[in-house]
Amino acid sequence: MAASCALGGCYAGFNTIDNRVNNLLEDASGDLGEGAPPPNVDSWSHITANEEVLDEKQPPTFNPEADEMVYVPTADTDAEQVLVRLQSYQEEEEGAKVVGLQDSLLFAVKNSREYQFAEEEYILSCLSLLIEQHRWVPRFFDTLSPTIDANPDNGFYETSLDVVNEWGVTQKLPYGGEVSARYLASFSDLLHRKVSQEDDPSVLTSRFVLGASIPFLKGAGPVAQESLIQAERNLVYAARKFEDFRRDFLVKVTTDFLTLQVERRRLTHTKEGIVYYEQLSARQRALYEAGRASFYQTAEAENSELSEKAKLARQWETFRLSVDRFKRLIGLDIETPVIVSEDSLALEVPTVNMQEAVLVSLTNRLDLQTERDRLIDFQRAIRNAENALLPDLNLLLEADVEGRGDNGWEGLNPNFKDIGYSGGLRIGIPLDREIEKLRVRQAQINLERAQRAFILFRDTLVIDVRSAVRDIDANLFALDMQRRNVEIAELGMESIEADPDRVSVLSSLQSIQQLIDAQDRRDAAFRDLQVSILKYLNDSGQLRVLADGALELLPGMKLIPYQDLSTKDSKI
């Protein structure tokens, strides 16, 4: 019976908890939508809350009901009408800012939020070091402690006021322990029955204390500076990480900008193709009206023209989305109209030796050097953990000087003729060091894991560099092939224009599409080649970035016009 009652009580307790949870869920869901419409979203990031808002437990939520909103369907669903709307999105705003690669890099260094986050992370590492360094300088303090005591005496209370002021300075020692100097001034005065006494009952004394605590075993040596050593090394790691970020950021901005240029040129190619489609459609319409062509061929030509125009509209939307994302990347207001510059400079293709590239990367990569230095951190952690196994053996020294008197201001005047000394040892027998032993084993395992991780990181780096070298040759070959395809497609279009009556509508459509696709693939191959060169330089640790974010040219590195590399004639 007792067990049944206890079990029933448990179930009753769980039911109570479930009911409370359900009530909270209902209250939280019911509160959604009771808030007022929020202000301008642009002001949210700079919101300054008052004390009432800071401590508000249930912030209001604006979530209007379905019957408060309106859905308006469109009546224009015809293909021609939809195409007119799509084409209206393609117009570029007048007075838009022309954006080039160099301008984008310079602007991004000053305005990119991603760049600012990385820079602030570097600054935070500096502040952490300054905090740690301040712990190793003389630190002054002053503490004032007023106290009122009331002692009962046969129904009466004798009250007194005690004021103790402690001023001092402490200094941590480089190899463990610290020294301190303190000056204590104490004032005591009877508050009750003071009028019944003839003499001044107040007491004013002082004491000057100089002390030191110096370890000889546990906590002694460089282990005492562990926090400072690690903070100094972390700053070096942060500097390398920030420089790596700047290089990665240059590659990222350049890649996105070249992609924008590819998409922008794709629009141009599609527009040029539409002209061919319109000419073909008009010619087929004239032939059909003259009775020299079938309706099927005419309809196919007109339908291909409309399809290409719809394709252009979709490409415009993709391009505008890419532009907005690029503006967000470099920190430009997304409402600012821009025009992507067609001008571009290309890096000459380098001559690369696979073995030399791997050796250079293993020597120059900053992140690899950081991983190497972290191995030393793990080794130092083992030494520090083993130091914790030692017994405590501390030397304690102290000297103090009392004031000259107990009354008047002479109590604040130290009497250096009478100095008290004390010295001793504090020995801690290591009876229980189980936790410390476990921590030593943890440090040893962490070192073994870090060594394996370093080998994995090194091998991954070598693989990436080798892949980057191969990508340069593969993309260079692809660019040459796409240049050839463009020339072949242009020859095909020339043959069609020379005698259009001998070519079928299907062949004409295929030739137009082949030319557009070949031009698009050629521009994409140029982009891929340039990105692979930058990636190779970055993966091998040879990429250098100027203070303003621009690419620093290495000796022998040249920039050539885009046309010289992407559109020069091939040997076919």
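Laboratory data are not the source of any read-out in this text; all were calculated from the coordinates shown. These figures come from a predicted structure and were not determined experimentally. Here the Cβ is made from the backbone with ideal geometry for all residues, glycine too, and neighbour counts use every protein chain on show.
Across region 331-343, in residue order, what do the Karplus-derived ³J(HN,Hα) couplings come to in whole Hz, using 6.51 cos²θ - 1.76 cosθ + 1.60 with θ = phi - 60° and x for Gly and Pro?
Taking θ as phi minus 60°, the curve returns x, 8, 4, 5, 7, 6, x, 9, 10, 6, 5, 7, 6 Hz for region 331-343.
Ordered by residue, what ³J(HN,Hα) values in Hz, to whole numbers, does region 449-466 give under the Karplus form 6.51 cos²θ - 1.76 cosθ + 1.60, where θ = phi - 60° and Gly and Pro are x?
5, 5, 5, 5, 5, 5, 4, 5, 5, 4, 5, 5, 4, 4, 4, 4, 5, 4
Using the Kirkwood radius built from alpha carbon pairs, what does the Stokes-Einstein equation give as D for region 331-489 at 10 °C and 1.306 mPa s, in µm² per second?
The calculation lands on 65 µm²/s.
Return the sequence-ordered ³J(HN,Hα) values of region 318-329 in whole Hz as given by the Karplus equation 6.51 cos²θ - 1.76 cosθ + 1.60 applied to θ = phi - 60°, using x for Gly and Pro.
Computed from phi, the couplings for region 318-329 are 4, 5, 5, 5, 5, 5, 4, 5, 5, 4, 5, 5 Hz.
How do V163, V505, V53 rank when sorted from fewest to most other Cβ atoms within 10 Å of their own Cβ?
V53, V163, V505
Give the order of Y175, Y536, Y421, Y183 when sorted by the count of other beta carbons within 10 angstrom, beginning with the fewest.
Numbers: Y175 14, Y536 23, Y421 9, Y183 18.
Arranged by neighbour count, lowest to highest, Y175, Y536, Y421, Y183 become Y421, Y175, Y183, Y536.
V99's amide H: which non-local residues (gap 5+, or another chain) put their own amide H closer than 5 Å, with H modeled 1.01 Å from N in plane and none for Pro or chain starts?
I339, V340, S341
Could you pull out every one of the lysines with an alpha carbon less than 18 Å from that of K311, ignoring same-chain neighbours closer than 8 positions?
K271
Would you mind checking K327/K558; K57/K327; K172/K218; K535/K558; K97/K241; K110/K241 for any pair whose Cα atoms are more than 26 angstrom apart?
K327/K558; K57/K327; K97/K241
If you rank H134, H269 by fewest surrounding Cβ atoms within 10 Å, what's the result?
Listed from fewest to most nearby Cβ atoms, that is H134, H269.
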